[in-house]
Amino acid sequence: MGFRSFAVSRLPAALSSLPGLRPAPAAPEPTAAEAASFDALVHRLSYLPKADIKRIREAYKFADEAHLGQFRASGEPYITHPIAVAGLCADWRLDAQAIMAALMHDAMEDCGVTKTELIERFGAPTAELVDGLTKLDKLQFSTKEESQAESFRKMLLAMARDVRVILIKLADRLHNMRTMEAMAPAKRRRIARETLDIYAPIAHRLGLNQIYRELQELSFSHIYPWRHAALSKAIAKARGNRRDLVSRIERDVEKAFAASDLRVEVQGREKTVYSIYQKMRDKHLSFAQVSDIFGFRIVVHDLPSCYLSLGVLHQLYKPQPGRFKDYIAIPKPNGYQSLHTTLVSPLGTPVEFQLRTESMHLVAEKGVAAHWLYKNEGSGGGGPESAQQMGSRWLQSLIDIQDETRDANEFLEHVKIDLFPDAVYVFTPKSKIMALPRGATPVDYAYAIHSDVGDHCVAAQINGEPVPLRTELRSGDVVEIVTAAGARPNPAWLSFVRTGRARSKIRHFLKNLEQDESRDLGEKMLSQALRAEGLALPSLDDEDNAAAQLWQQLARWAGNRHIDELLVEIGLGRKIATIVAKKLARMLAEQGQRPDAVMLTMGRFSTEEAPAQGQVTLDGSEGASVRLASCCRPIPGDEIKGYLGRGEGLLVHTAECQVGRKLFQRDSEHWIAVHWAEELSRPFEAAVALLLNNGKGVLAQVAQAVSAAEADITHIQMSDESQQRETAEMNLLLSVRDRLHLAEVLRTLKRSPAVLRVWRVKPT
């Protein structure tokens, strides 16, 4: 990848004869007036019917009038830009609707033209394309980054519905990158960085390698102009030094193929400046150490000839072990197909060869755009269709991610993750091949199969052996996922999953789970706060119209759309249960309900320092909406208080925690009474510190003592300095049932010969 052509052989079947690759007729550089005229475009539209060209001319006139009086930074009439973009789209043989949209792609954004006006004049399909290309109004967003992310999301979702949107957008970006010299350097660098991060990877993901390489090259020249210039000079010098070697290899290859009666075309290839820079940076090489600056491409007429040609090359020069890749049998995710082999040249330097058919070459350079080139040429072949299908699958995954991700910045983050430059190929147990990004794990694989498989994944096997879920997959692995009906995604998975699909699915599940848990907590808090008023909470499931009307009225009073939303906000601490309960009590009083004396007596809680919002009972099953503070790590038996952080759910501190006391002084109204349930559903973590006699087997003695007390160690930490001292300090996180159990563990540890002192860690 990242090569450009530098020599073509004199053998038959020249590249210009390949379907869809006929170069446009050479023309002198147009003047500004000529470039602004329709004549600059019309000679590229010869593949379209006259009726379509007439419609495109109307679109040109409309765009010309809309942009009248507007000029680019270079001083040229603005209409020269839409004409150039339409010309690039015409080189892909896109249809009339796409060419018209290319001509008018800035009309809505820059000229105040409405979508309705475009529908009336040019039809809904063309208007939809233009709308998909139009940025959103920046006034809707608080930051430029948010606006930019939302614009990307809109464009990518329009692209998922119609791939022509991104083809026009890439043509637009390519022409802008070619003509940025008149801009300020800072603006050039910003646009170039955005191009390198987003647009070039999208072009690569869709197989548009010509545009991908040019966008990379132009971005590099604008971000690092000095580095680009220095490397360009070094490449030119190397080209002169290696001219004899390249000519010799080319002669040898031509001679070998002539003797084998195989009709092929031999092309020389040269790495782009940016790809050389990447290799130097990633592998910490000097320019002199980059050995594969030059290579060759062999283009043949049919698939069997690819493998026959490989045999000819391997007879000519010795292949390097481990450097052969068959992307024909297993295409890349963007549809790319070729055989890659690295041979040792007569001078001992490695030379890479790529072998492909004419249709594969078309797909390798044009990607999804090859679909239109083939369609208009009337040629068959499965290559462009398969590239189109692979592109469609990725575009569909964008819609899937959008379904779980409403935040524009998060959506853009997921898309960036999926724009991977490399892939690993793994097998399902039924021998189906799946492509995943390098670094993908069994969890990524599970979500790639189906979201239900990912959500219920509990274990994985690679090549029949059990492995951790964070294991990186390698090409050729056979992966099997073990699921369980009661399993659910683990938040820790987010630290190692690689694909945007897996990340968005996990986040979506956890968000919904947190919402459900927060709703349950909010209902419990409101019920207990209302009990303090001497009233029972009306049933939320009651089908009685009066009860439903009461809840709807309460939600409207609180500024929420429905009661579930209000309960979630109470559970997250955004609304105070006491205040909502008092309002509900007044509403119930208006309906004739009076406080119950017994419930009023039971509901009154001792107000120590904190205002009573109603007491919450903790049994360990609360989930994400209730968290135990890591500063004091409360366990059953500790006196505790709950802090309802704004939007963070309930955070539980011990009554003696200094961090909690500072929070109380600053924000006392958000504190509520909490207590432990009599029956608990899980163990809890307590922090313990030990002073030990340093020596062999100390850790084993500590672990044995903890185990004897029927507790578990969940985390161990020792300082490096402890190894050189007679005594050592060790910090443990112990999993215990309650305070009494912890006391028993501490007594057992004290009896161990290795332990000098042991104590529970509390915040100071």
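Looking at SER232, SER221, just one residue is part of a helix (DSSP H, G or I), among the hydroxyl-bearing types (Ser, Thr, Tyr) and modelled with pLDDT under 90, and that residue is SER232. For the subset of segment 429-451 comprising residues that are at pLDDT below 85, within 10 Å of LEU473 (Cβ to Cβ) and not basic (Lys, Arg), which member is surrounded by the fewest Cβ atoms within 10 Å (Cβ to Cβ)? Per the stated criteria, the residue is GLY439. The residues listed here are LEU303, LEU245; of these, the one that is on the phi < 0 side of the Ramachandran plot and either modelled with pLDDT of 85 or more or not assigned by TED's automatic domain parsing to the domain that holds TYR327 (or both) is LEU303. Beta carbons closer than 7 Å, at least 6 apart along the sequence or on distinct chains, pair a first residue in segment 645-657 that is over 13 Å from ILE672 (Cα atoms) and modelled with pLDDT of 75 or more with a second that is assigned to a loop (DSSP other than H, G, I, E, B) and not polar (S, T, N, Q) for CYS657/ALA629; CYS657/CYS631; CYS657/CYS632; CYS657/PRO763. Go through the residues of segment 283-299 one by one and say whether even a single one is over 35 Å from the mean Cα position of the chain (by Cα), within 28 Å of LEU215 (Cβ to Cβ), at pLDDT 80 or above and crowded, with 16+ Cβ neighbours inside 10 Å. Checked against the condition, which is being over 35 Å from the mean Cα position of the chain (by Cα), within 28 Å of LEU215 (Cβ to Cβ), at pLDDT 80 or above and crowded, with 16+ Cβ neighbours inside 10 Å, segment 283-299 yields at least one hit. Return the residue satisfying two criteria in turn: it lies in segment 62-80 and is part of a loop (DSSP other than H, G, I, E, B) and not hydrophobic (A, V, I, L, M, F, W, C), and of such residues it is nearest to ALA184 (Cα to Cα). Checked segment 62-80; the qualifying residue nearest to ALA184 (Cα to Cα) is SER74. Residues in segment 100-117 that are modelled with pLDDT of 85 or more and either closer than 27 Å to MET183 by Cα or not in a helix (DSSP H, G or I) (or both): ALA101, ALA102, LEU103, MET104. Of all residues in segment 316-358, those satisfying the criterion of being among the hydroxyl-bearing types (Ser, Thr, Tyr) and in contact with a Phe, Trp or Tyr (Cβ under 8 Å, 6 or more places away or on another chain) are TYR327, TYR336, SER338, THR341, THR342, SER345.
A single member of HIS675, HIS741 is touching a residue at least 24 places away in the same chain (Cβ under 8 Å), in a helix (DSSP H, G or I) and closer than 30 Å to LYS641 by Cα, and it is HIS741.
Applying a threshold of 7 Å to beta carbon distances and a minimum spacing of six or more residues, or different chains, the list of pairs starting in segment 324-349 at a residue that is small (Gly, Ala, Ser) and ending at one that is in a strand (DSSP E or B) reads SER338/GLN354; SER338/LEU355; SER338/ARG356; SER345/VAL351.
Can you spot a residue in segment 502-517 that is farther than 30 Å from GLY439 by Cβ and touching a residue at least 12 places away in the same chain (Cβ under 8 Å)? There is at least one residue in segment 502-517 that is farther than 30 Å from GLY439 by Cβ and touching a residue at least 12 places away in the same chain (Cβ under 8 Å). Screening segment 488-510 for residues that are among the hydroxyl-bearing types (Ser, Thr, Tyr) and surrounded by 15 or more Cβ atoms within 10 Å (Cβ to Cβ) and picking the one that is farthest from the chain's Cα centre (by Cα) gives SER504. Scanning segment 520-567 for residues that are in a helix (DSSP H, G or I), more than 18 Å from ILE579 (Cβ to Cβ) and charged (D, E, K, R) turns up ASP520, ASP564. Picking from residues in segment 658-699 that are charged (D, E, K, R) and closer than 25 Å to ILE716 by Cβ, the one that is modelled with the highest pLDDT is GLU685.
Of the residues making up segment 603-637, those that are at pLDDT 85 or above and either outside the structural domain of LYS662 (by TED's automatic domain parsing) or under 14 Å from PRO683 (Cα atoms) (or both) are LEU628, ARG633, PRO634, ILE635, PRO636, GLY637. Among the residues of segment 488-505, those identified as of a type in the set (Gly, Ala, Ser) and over 15 Å from ILE449 (Cβ atoms) are ALA492, SER495, GLY500, SER504. Each residue in segment 298-322 was checked for being without any contact (Cβ under 8 Å) to a residue 12 or more places away in the chain and assigned to a helix (DSSP H, G or I), and 2 of them qualify.
Comparison of ALA27, ALA40 shows that the only residue that is part of a helix (DSSP H, G or I) and either loosely packed, with under 15 Cβ neighbours inside 10 Å or modelled with pLDDT under 80 (or both) is ALA40. Set side by side, the residues VAL688, VAL755 differ, and just one is farther than 30 Å from TYR643 by Cβ, surrounded by 17 or more Cβ atoms within 10 Å (Cβ to Cβ) and not assigned by TED's automatic domain parsing to the domain that holds THR617, which is VAL755. Screening GLY295 against (1) touching a residue at least 60 places away in the same chain (Cβ under 8 Å); (2) in a strand (DSSP E or B); (3) in contact with a helix residue (DSSP H, G or I) (Cβ under 8 Å, 6 or more places away or on another chain) leaves a single unmet condition, (3).
For segment 555-565, a residue qualifies if it is within 11 Å of LEU540 (Cβ to Cβ) and among the hydrophobic types (A, V, I, L, M, F, W, C), and exactly one does: ILE563. Number of residues in segment 344-367 that are at pLDDT 80 or above, farther than 22 Å from PRO304 by Cβ and among the aliphatic types (A, V, I, L, M): the value is 2. Would you check if LEU167 is of a type outside the set (S, T, N, Q), under 26 Å from ALA364 (Cβ atoms) and part of a helix (DSSP H, G or I)? Against the criterion (of a type outside the set (S, T, N, Q), under 26 Å from ALA364 (Cβ atoms) and part of a helix (DSSP H, G or I)), LEU167 qualifies.
Listed here are the residues, each with its yes/no results for (1) surrounded by fewer than 13 Cβ atoms within 10 Å (Cβ to Cβ); (2) modelled with pLDDT of 75 or more.
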site	(1), (2)
GLU533	no, yes
LEU540	no, no
GLN549	yes, yes
LEU554	no, yes
TRP557	no, yes
ASP564	no, yes
GLU569	no, yes
GLY573	no, no
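Looking only at segment 473-487, which residues are assigned to a loop (DSSP other than H, G, I, E, B), surrounded by fewer than 16 Cβ atoms within 10 Å (Cβ to Cβ) and not small (Gly, Ala, Ser)?
ARG474
Applying the condition of being closer than 28 Å to SER338 by Cα and either basic (Lys, Arg) or modelled with pLDDT of 90 or more (or both) to segment 179-213 and asking which residue is farthest from the chain's Cα centre (by Cα) yields ARG213.
The values are calculated or read from the model by the stated rules, or taken from the named source; none is laboratory data. Just so you know, these numbers come straight off a predicted model, no measurement behind them. Cβ: placed from backbone, ideal geometry, glycine included. Neighbour counts: every protein chain shown.
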